[in-house]
Every structure is written in structure tokens, then in C-alpha cells.
1. Hey, among Lys111, Lys49, which residue is farther than 29 Å from Asp154 by Cβ, at pLDDT below 95 and over 13 Å from the mean Cα position of the chain (by Cα)?
2. Out of the residues in region 229-244 that are of a type outside the set (Phe, Trp, Tyr) and either touching a Gly at 6+ places or on another chain (Cβ under 7 Å) or not in a strand (DSSP E or B) (or both), state the one that is surrounded by the fewest Cβ atoms within 10 Å (Cβ to Cβ).
3. From the set of residues in region 158-189 that are β-branched (Val, Ile, Thr) and at pLDDT below 80, which is farthest from Asn88 (Cα to Cα)?
4. Restricting to region 1-19, and then to whatever is assigned to a loop (DSSP other than H, G, I, E, B) and hydroxyl-bearing (Ser, Thr, Tyr), can you tell me which residue is surrounded by the fewest Cβ atoms within 10 Å (Cβ to Cβ)?
5. For region 104-113, state whether one or more residues are among the small types (Gly, Ala, Ser) and in contact (Cβ under 8 Å) with a residue 12 or more places away in the chain.
6. Among the candidates Phe30, Phe43, which residue alone is farther than 16 Å from Ile198 by Cβ and not in a helix (DSSP H, G or I)?
7. Can you tell me which condition Ile155 does not meet? The list is (1) crowded, with 18+ Cβ neighbours inside 10 Å; (2) closer than 13 Å to Leu21 by Cα; (3) modelled with pLDDT under 95; (4) not polar (S, T, N, Q), and all the others hold.
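The values are calculated or read from the model by the stated rules, or taken from the named source; none is laboratory data. In this text, all values refer to a predicted model and were calculated from it rather than measured experimentally. So basically every Cβ, Gly included, is an ideal-geometry build from the backbone, and we count neighbours across all protein chains shown.
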Amino acid sequence: MEYLYEKNGNSYEDFASGRVLYNARGTTSFPVRLASEIIQRCFRLLEIKGNKGPYSLYDPCCGGAYMLTVVGLMHGHRINHVYASDVNSGVLQVAERNLSLLSPSGLDQRKEQLIQLTALFQKKSHKEALVSLERLHGLAARLNIEGTFVSQGDITSPEKSSEPHSKVSIVMTDLPYGDIVNWRTDSTDPVSDLFDQILKRLKPDHSVVAIIADKGQKLKHKRFKRLQYFKIGKRQVGIFEPIC
């Protein structure tokens, strides 16, 4: 896989899970460089379609919303609304905390927490986190995000899925796989059912869907056209547009 946008491989330590961003037990983080590369590919595909933003972004398998928060901090000047949902209600409190970091007030609250932790424990990690937070504050100053929304729901089920407040421009999600996170659904074909439910939430003609999965899951659906596909490590990534 060739990186088209994140070519330099910069340090992303400020975004490390558990540093400034909150860590959700039983969830996974996501490679920052890859997340930034995928969202920028989505932006470019939408620009080609005539949609120059700002964009709304939805992750229906958000976990602790680590990936959404990273993307929001790095590219929130091009995003106006962020939606997150997950079938596991136990992780959504962490998702809300992470997405709160997409606002100056949320970062200020996190700063106070880190100051208190530094005073109590005098750990080097807390002091380094404060330095990272100041750099993230600089990113937050240019964000265009008007609102973040978190809800519980099963994206593979028409009865149990949650609805974003409005149609979205970009769906970007890391499907459950591996030893830490698995599908929690009664669906016999969760990937296909996920595509079915996502279709209802997209802006017609002006939307794309980026799906990340392990190599054992088939990323295809009769109502979606694949625009890009690549593999990196143990992951595969497909970017699709709905067939209207």
C-alpha cells in the first residue's frame, strides 16, 4: 500500500491512547497515520464528486471513539458533525469523553485532570501528556466541528440500530475482528447487514464509505461500488460509494 497523503510518517505520539485521549478497556486503538490517510482519501473522492464540504462523519462501530477523535483533531477543520454509535453501551461513556476533546472546553477539562494527576503522582507520563495536550489545543483552535453525537445501537439490525440526526457524507468504521473485539449481533451476515443499514444514512450522490476489516471478511455489497481497495499489514481497506 502506498501512502498518498501521510507520506512522511511523522510522530503521532500526541494521539497515543491513554495519553491525552481516553483509553477504553476492552476496545482497540487504531494506527493514526492510517486513519489520517483514509479520511483524506475520502475527502478527495468527495471533492471529485463535487462535494467540497464541510463533511459529516459517522462511525457505527465506534468503540471508545478513538479513531473518530484522532480524525477529528487532525482534520476537524473540514468536518462539521461527528456521529458515533456502538452496540456495546459499556464503551460509550469513554466515546463521549474522547469526542469532548474536539472542543476547547473538553481539552480544558482534560488538562485539569492531568494537572491533578501530575500533582498527586509526579509521573513523567502525566507531564508528557500535558505537553501533548498543549499541542492538541493548537489543533483544536482551527476545528469546524459544530456537534458530536453518541448513541447505542446495533448497525447490523434495522430494529436495533441508531440513526444519526441527519444524512452523512462519510462513514468510516473499523469492523470488529481479532481477540479483543468481536461482533455482538444475531446477524448471520453482519457485513452485508451493516452495508444495508449504512445505505439509509448516506447523502445520495455525495457520500463515501470507508470500511476497515481483517482479511477474512468480504467487503462487497450489490448496492455499493468499490472506488479504492488496499491491504496493509493484517488489515484490508475498501472505500465505496452507494449505487443510486
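1. On the way: Lys111 fails: at pLDDT below 95.
One residue alone meets the criteria, Lys49.
2. First, pick out the residues of region 229-244 that are of a type outside the set (Phe, Trp, Tyr): 231-239, 241-244.
Restricting the remaining residues to those that are either touching a Gly at 6+ places or on another chain (Cβ under 7 Å) or not in a strand (DSSP E or B) (or both) gives 233-234, 243-244.
Details: Gly233: 10, Lys234: 11, Ile243: 10, Cys244: 8.
By that ranking, first place goes to Cys244.
3. Initial filter on region 158-189 (β-branched (Val, Ile, Thr)): 168, 170-171, 173, 180-181, 185, 188.
Now restrict to residues that are at pLDDT below 80: 180-181, 185.
On the way: Ile180: 13, Val181: 10, Thr185: 10 Å.
Looking at residues that are β-branched (Val, Ile, Thr) and at pLDDT below 80, I get Ile180.
4. Pass one, region 1-19, residues assigned to a loop (DSSP other than H, G, I, E, B): 1-12, 16, 18-19.
Remaining after also requiring hydroxyl-bearing (Ser, Thr, Tyr): 3, 5, 11-12.
Details: Tyr3: 16, Tyr5: 14, Ser11: 8, Tyr12: 15.
Filtering region 1-19 for residues that are assigned to a loop (DSSP other than H, G, I, E, B) and hydroxyl-bearing (Ser, Thr, Tyr), the one surrounded by the fewest Cβ atoms within 10 Å (Cβ to Cβ) comes out as Ser11.
5. Of the residues in region 104-113, the ones among the small types (Gly, Ala, Ser) are 105-106.
When the remaining residues are screened for being in contact (Cβ under 8 Å) with a residue 12 or more places away in the chain, the result is none.
There is no residue in region 104-113 that is among the small types (Gly, Ala, Ser) and in contact (Cβ under 8 Å) with a residue 12 or more places away in the chain.
6. Details: Phe43 fails: not in a helix (DSSP H, G or I).
Testing whether each residue is farther than 16 Å from Ile198 by Cβ and not in a helix (DSSP H, G or I) leaves just Phe30.
7. Only one criterion is unmet by Ile155, namely (2).
For every residue, the table says whether it meets (1) surrounded by fewer than 17 Cβ atoms within 10 Å (Cβ to Cβ); (2) of a type outside the set (A, V, I, L, M, F, W, C); (3) assigned to a strand (DSSP E or B).
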| residue | (1), (2), (3) |
| --- | --- |
| Gln197 | no, yes, no |
| Asp205 | yes, yes, no |
| Ile211 | no, no, yes |
| Gly216 | yes, yes, no |
| His221 | no, yes, no |
| Lys225 | yes, yes, yes |
